Structure formats: structure tokens, C-alpha cells
Amino acid sequence: MTQESPSSETRRPDWAALVIAAAIAILAAVIVYSTATAKGGSATRIGPSAFPYAIAGCLFLLSIWTVFEAMRGDFPEREKQEIQPVIWIVGGLAAQMLLLHITGFAIATGLLFAATARAFGKGPLWMTIPIGIVLSFIVWVIFAKGLQLTLPAGPLERLI
Amino acid sequence: MDSFTLLAHGFAVAMQPLNLLYALIGVTLGTAVGVLPGIGPALTVALLLPVTYKLDPAGSLIMFAGIYYGGMYGGSTTSILLNTPGESSSIVTALEGNKMARAGRGGPALATAAIGSFVAGLIATMALALIAPTIVKFALSFGPAEYFALMVLAFMTVSAAFGDSTLRGLTALFLGLALGLIGIDLQTGQARLAFGIPDLLDGVEVTTLAVALFAVGESLSVAAAHRYGEEKIEAIKGSVWMNREDWSRSWKPWLRGTFIGFPIGAMPAGGAEIGTFLSYSVEKQLSKKPEEFGKGAIEGVAGPEAANNASAAGTLVPLLTLGLPTSATAAIMLAGFQQFGLQPGPLLFANNPQIVWGLIASLLVANFMLLVLNLPLVGLWVRLLSIPRHWLYAGILVFATLGTIGANPSTFELGMLLAFGVLGYILRRFGYPIAPVVVGLILGPMAEQQLRRALAISQGDPTVLVHSPIAVILLILAVCAVVVPLIMRARGKGKVLSSLAASED
């Protein structure tokens, strides 16, 4: 967070920052809508809806402020990013989330392990997936058997 | 009873073999995560929360505190040998420390950092023990209005006062506050922002949010930026012992660093980074050999390292006495207390003195352990730095999800982890600070409670918030924390503030 922004007057509006401003405004609107439609009374003046309205109000103001900074190009310069590693990691997490209760902890987490290693440029998958599954299985034994954490079991875990 | 009697009782707790073991595990883990770039004490404590759920509260808290202190020690090793700060509070150490290592004086640099951390940890923990009862006595007179004002002040200093943008700091804070709204309202039982999803009724777990923002967000951001090329680790050349000149140039910076770091940590003023920057510039000005600064001046390692440990101890002052977290790590430690049904604050000192004083005493014990762990065993920690990045981050994500699954093995919780992880990546990408989100999530509902309690007592009269002079002073300070930096940035002094940016931990 040490990048400096060359705040030249001629910079074009920062479209990504404008999208953020819109997202903040939408968040504020969702809070207002959800609070306004909530059932259940609040006889007192400062009931359960006061704080949400206040926060939504502030978020609206911050959204407007963000628009100003985006137009002036006040956001820090961003490094060039590669999208592929992000997809690998997000895919790994999604795979683990969806498979956790089907294949058990070790296989699901092993896939996450291999996908993350792949995101950092380590392959091939036929090697990293087995490594990940074995490691996750060891982790499962330590934490589920040793520390009695509830970690979902699958076919592999039921072997012992 | 005075502090020393209480502290003696605390030592009786801390010296129990099991608690010594917890402290040892804590400092070892803490040093390891401090050394490893990419994971900090906040994340480690968050990961361990679900694991310690079934353990004894005193032991777990002692372990968390050990992690916190250990992280501060370990960060310096990475800074000195790798020139990549292991923690945000070790950025300054890298300036002089890495130069010393390149000049073949890595040993004395590590030694002055470790001994300086020890001296600072010792003095600052004693100061914590001495000052805490006084603040507790003072805080007992606080009503809801004062607490609310105090929390507003903490919000503003954590989010807006430091860092490179008031806007982005405040946005991060309000994001955290908005997330804190989710769930059942504690006073009326009404569900808010749950959208009919039963999983959301309990609210967003602090640990899930912290793990997602720190571990998943950080992994995504490092992977996307391709910042995992070969890094050069400086070998430790020469003896780790300091010579006479090193000692005579180090002891004053240690003491000055301590006295700069402790109050900054103790005031609700954000992370440990600020003290280290101040200490560095003080040493630069006072040094008899200012020409050495930038080329490996030992004062530039000794002072900031002492300051960063002292402010870690300082941060515990508002956390323990007022229940007010001023850094991400402190916020997660607060969640740790709450997990065991303990609420830090003046009442904790009255109701659970054995836990509070046992914790303070074990900090002193942990400090001794860290000196031993870090000086003779430094070579062992250095080896951690040679773990390839792909295995390191794959392992981090396995443990990050393990913690979440262990706390609540539901697909929905993992979905939240993924969503907040992507959020963490976006926040980093656009230069938003992370700590205010976490602090907002945990402190927001508490601030709302205090506000509504204050207004309930006054029967809805809002002027109750400014009835006491203490509350007025705190609120004025909160306004200053936002306005002064804005003016400074407008006048082109923003660079000073962004160099004081409180980033991750």
C-alpha cells in the first residue's frame, strides 16, 4: 500500500473505481431495502433499524466520494495482474466447497492444494493432486482423530 | 492489592506446566509465522480459534498472546535476511537490517533485534501490568455514552488517521460495519440482513472473515501479481554476538524505541508500524554517525524493533482494560476471549483476575522463551524461508479452509470464505486497508449496543452522548483523527501519513 498516485489532472476517469462506487451504492441500497421491509416492530425510537440506516447513509456518501476520486484519478496505480492464477485458486476453493461432503476432507482439500500449487506455477497436476490428497489425509488424521475437530469423512477417511 | 501482588498470583498461573507448554507452542508458532512472509499473527490466531475451542481458556489465550509476541520477533529475521518484511511492522527493520546483512553483519543485526525486542517486551509488559489497574479503575466509571465515544474514536483512528487515503480507510471500516449488521439483533431479536438464510442468522464469523481476507486474499493477490520469483536470502555471516561498540550503540535506541512504541500501541491509534517509523527517524536524528543510515546503521535496527514489540504490548492495554481492539490481531484475540464467554474490560479484571494476570505474567515468560528461541536457534528459522512459494501458499490455503471447516463444516461457510477471499483480493488490488474491515465487524455490534443502551437510559435524548466531559473529549479526538489527516493530505503532506500506513497486522 505504498504506491504513489501521480495525480495528474489529465488522467482519464478510473472505470474500475467507478464500478466500486456503484457496488458501494448498491450495498447501501440493499441495506435500506432489507431494513425497510423487515418485519417486527420497534416501538422505541432507536430500534434495530436505526444503525443500519445510519451505516447505509454513510455508505452512500462514501460512494459519492469514490466517484469524485475516480474521476480525478486519485486511486493508486495498479500493477499488472494475471488472471489465470486467480482462476486456479478460486476454482480450487470452489471444488473443495462442492466436493467436501461428497468425497470427504482429504480428496476435496487435496484438489485445493494442487490447484493452489498450479496457480503458483507448480505442476503437473497428476503429481500434485496425489501429494495434496496424502497431505490432507494426514491433516485429517491429526485434527479429526487427535483434536476431535469435525471434519467431513469420505471413502478414504472411512478406511481407518 | 497492588500490581505486583497480582502479578505474583499471575505467575502462579503462568508457571503451571500445561500453561508453560501453551506459551511455548504459541511463541514457536508465532516466530514461524513471523518469519514466513504472507502469514501474520492475525491470521494464525484466527486459524487456531476453532482448534482451541475445546481447550482451557487461560491456556488458549496464553498461546494467542505468545503468537502475537512471537510474530513480532520473527518478522525481524525475514526483514534482515530477505529484505522482504515478514510483517508490516518490520518494514523499517528491512531498511538498515538488510544492509547490515549484506555487509556481513547479519549476526549482530539479528542479535540487536532480538535483544531489543526482549528489552522492550520486558519493560512494556511491566508497564502494562502497572498501568492496567489504573485504567480499569478509571474505566469502571464509564457509562454506555463514554464507551460509545471510545469506540467511535477507535473506528476513526484505525480507519482514517493513518494510511494513504481517508476515503479508502473509511470505506473499509463501513464495509466491516455493514457485515456486522448481519444476523439477529441482540436487543430485539429481529433478524437483520439475513435474507431468509438460516446460516446468516448467527452473523458473519470474525474468524471466517479474517481468514478469508488475510489468507485467501493474500494468496490470490500474490499469485496474480507474480510476486514469487527467486528471492535472495542473505547467509548469516560472522558471529551472532554483538561487540562492545554494538552494545553501546544499541542500548539507548532500545529504551527510546520502547518509550515511543508503548504509548502508541496503548492509545487507540492503530498498528505497530507507526511507532517503528517514528523510532527510526528519532534514531536517525540523534545518531552520532548519521552518515551510516541507509548503509546499515545498527541504531536503525535496534530502535524500531524495540518500538514494534513495545507497541504490541501497548495494544494489549486497551484490549484488556477496555475491551477495545486497535489492530487486526487484537480484534481476533477479542473474538478468542468471546469464544470462551469472556468479555475483556474492567469487569474481567474483577471477575477473572487469574486469567488476566496469568496472561500478563505469561507474556513475560513468553518473552524469555523468545529470546532463547531467536538467538541460538535463528539458523533453524532461516530455513523456513527456503520453502518454495507454491508449497507455502498451498499449505496456507489448506490450513485456512481447515480452520473454517473445523468451526462449521458447512458448504455455505466455505462459500462465504471464498466470497470474502475474493473481496480481500479486490480490496488489496485497489489499495483498501484490511484491518478496518475486521475491526468494524467485531466492534460495530458492540458500538451499536452501547449507543442504544445510552439512548435507552436517557429515554431517547441524543444529548446524553455529550453529557460527560470524557465522552466529549473522545468524540472531539475522533473528529480530529479524520479531519487533520485530510488537511495534511490536501497540503501535500500525505507522504508522511502513507509511510505510516497501518496495513495488514
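The residues in region B:112-153 that are part of a helix (DSSP H, G or I), over 13 Å from B:Leu370 (Cβ atoms) and not aromatic (Phe, Trp, Tyr) can be counted, and the count is 24.
Return the residues of region A:105-127 that are over 12 Å from B:Val398 (Cβ atoms) and within 11 Å of chain B (Cβ to nearest Cβ); say none if nothing qualifies.
A:Arg118, A:Ala119, A:Phe120, A:Gly121, A:Lys122, A:Gly123
Inside region B:386-402, residues that are more than 9 Å from every other protein chain (Cβ to nearest Cβ) and surrounded by 19 or more Cβ atoms within 10 Å (Cβ to Cβ) make up a count of 1. Here is the figure for region A:72-99: residues that are within 17 Å of B:Gly431 (Cβ to Cβ) and surrounded by fewer than 17 Cβ atoms within 10 Å (Cβ to Cβ) total 6.
Across region B:164-188, what is the total count of residues that are part of a loop (DSSP other than H, G, I, E, B) and at the interface with chain A (Cβ under 8 Å from one of its Cβ atoms)?
5
Figure legend. Inter-residue proximity from region A:132-152: first residues in the same structural domain as A:Thr116 (by TED's automatic domain parsing), second residues assigned to a loop (DSSP other than H, G, I, E, B) and at pLDDT 85 or above, beta-carbon distance below 7 Å, spacing 6+ or different chains. Indicated pairs: A:Pro152/A:Gly104.
Within region A:24-37, can you find the residues that are loosely packed, with under 13 Cβ neighbours inside 10 Å and either at pLDDT 90 or above or facing chain B (nearest Cβ under 9 Å) (or both)? Residue satisfying the conditions is A:Ile26 alone. Number of residues in region A:47-100 that are more than 7 Å from chain B (Cβ to nearest Cβ) and of a type in the set (Phe, Trp, Tyr): the value is 4. Put simply, of B:Pro57, B:Pro50 the only residue that is surrounded by fewer than 24 Cβ atoms within 10 Å (Cβ to Cβ) and out of contact with any Asp or Glu (no Cβ under 7 Å at 6 or more places or on another chain) is B:Pro57. Does B:Arg428 satisfy being facing chain A (nearest Cβ under 9 Å), surrounded by fewer than 22 Cβ atoms within 10 Å (Cβ to Cβ), closer than 18 Å to B:Ile39 by Cα and in contact (Cβ under 8 Å) with a residue 24 or more places away in the chain? Considered against the rule, which asks whether it is facing chain A (nearest Cβ under 9 Å), surrounded by fewer than 22 Cβ atoms within 10 Å (Cβ to Cβ), closer than 18 Å to B:Ile39 by Cα and in contact (Cβ under 8 Å) with a residue 24 or more places away in the chain, B:Arg428 comes out as no. If you go through region B:414-432 and keep only what is closer than 18 Å to B:Leu43 by Cβ, at pLDDT below 90 and assigned to a helix (DSSP H, G or I), you end up with just B:Arg428.
The values are calculated or read from the model by the stated rules, or taken from the named source; none is laboratory data. Quick caveat: nothing in here was measured; it's all calculated off a predicted structure. We place every Cβ from the backbone using ideal geometry, glycine too, and count neighbours over all the protein chains shown.
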